[in-house]
Amino acid sequence: MDLVFVQKLIEFVSRSPIAELEIERDGVRVRMFRPTASAQSASQVQPGPDVTVRSPDQTSTSLPIARHSIRAPLTGVFYCSGTEGEPPLVAVGDVVAEGQKIGVLEAMKTFNVVESDRAGRIVQIAFNDHAAVQSGDVLFVLEDEG
């Protein structure tokens, strides 16, 4: 499957109301999807679709997309601040460093730190404080600083 075809699919899904698209061609599977409706209603910016490309050996390949999603590593309750009563750890427009604490997930009475896996500017916080999230949900969208 050539990259021009994949890029055309990305553009098509970005402009359409399609929530999810999966296509397989020549042994390569491409899956594109948008965050859930509840996540989009809480968002401040609507990014393009997230794209996963799988080759026949099922390894993922990242495509060069200007934005990067940070996803929930587990199912739980999302918190914007480190502890109750404190201001949010980050806001849209903040520049974050790789490894910086940007949120908290509570699962089974255990609090898990959500860290940025790369440096960039936050362009979307997909959920409000105290929102229930599923493993794999997009929590934050970053844009490369540059």
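What follows draws every value from the coordinates through simple rules; no lab data is involved. Not measured: the values here are computed from a predicted model. In this analysis, Cβ positions are derived from the backbone assuming ideal geometry, glycine residues included, and neighbour counts consider all displayed protein chains.
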Separation of the Glu143 and Glu20 label points, Cα + 7 Å toward Cβ, nm: 2.9 nm
Peptide ranges 75-83, 89-97 listed from the most packed, as the mean C-beta count within 10 angstrom indicates: 75-83, 89-97
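With +1 on each Lys and Arg Cβ and -1 on each Asp and Glu Cβ, how big is the dipole of the range 68-143 about its Cα centre, in debye rounded to the nearest 20?
On the way: 5 positive and 10 negative charges, 27 e Å.
With Lys and Arg at +1 and Asp and Glu at -1, about 120 debye.
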Label-point gap, in nm, between Ala91 and His130 - each point 7 angstrom along Cα→Cβ: 2.1 nm
